[in-house]
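Right, one structure below, let's go through it.
The numbers here are math on the coordinates, done by the rules we state, and not lab data. Owing to the predicted nature of the structure, the values given are computational and were not obtained by experimental measurement. Note: ideal-geometry Cβ built from the backbone for every residue, glycine included; neighbour counts use all protein chains shown.
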Amino acid sequence: MKTATVRQIRNAFPAVLKLIRNGESVAITSRRKVVATLTPPMVKKPARRLRPWHDLNARMEMLLQQPMLPISGAEMLAQDRDRF
């Protein structure tokens, strides 16, 4: 745990706040005695939701049924360049 005096808190609070945002606790001292402790909130991060893959085959079939372009992107660029 880091320590900071009341004077340091008053004059350099952004530096102390950076420590707290990085997950460190800071003990605040006055006349060499700890008078308070600043700690980051105990926030539980939500679990990451994964997309289900149970319908992957259906999605692939849907994509394959969509009409494809008759020419490739490279051919489109070549045609576009030939016009100028």
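Look at (i) 63; (ii) 19; (iii) 13: the one that is percent of Cα pairs over 22 Å apart derived from this structure is (i). Its Cα centre serving as origin, the chain has a Cβ charge dipole (Lys and Arg +1, Asp and Glu -1) of approximately 1300 debye. 3J(HN,Hα) along region 41-48, derived from phi through the Karplus expression 6.51 cos²θ - 1.76 cosθ + 1.60 where θ = phi - 60°, amounts to x, 8, 9, 7, 6, x, 5, 6 Hz, with x in place of Gly and Pro.
Taking Cβ atoms as reference points and 10 Å as the exclusive limit, the residues near Pro40 contribute a net charge of 0, counting Lys and Arg as +1 and Asp and Glu as -1.
Okay, helix-only estimate at 222 nm for the chain: each DSSP H run of n ≥ 4 adds -39500 (n - 2.57), divide by all residues, round to 500 deg cm²/dmol; what do you get?
Helix contribution divided over all residues of the chain: -11500 deg cm²/dmol.
When only alpha carbons are used to place a centre, region 1-33 and region 43-83 end up 51 Å from one another. The value of relative contact order for the chain, using C-alpha pairs under 8 Å at least six residues apart, is 20 percent.
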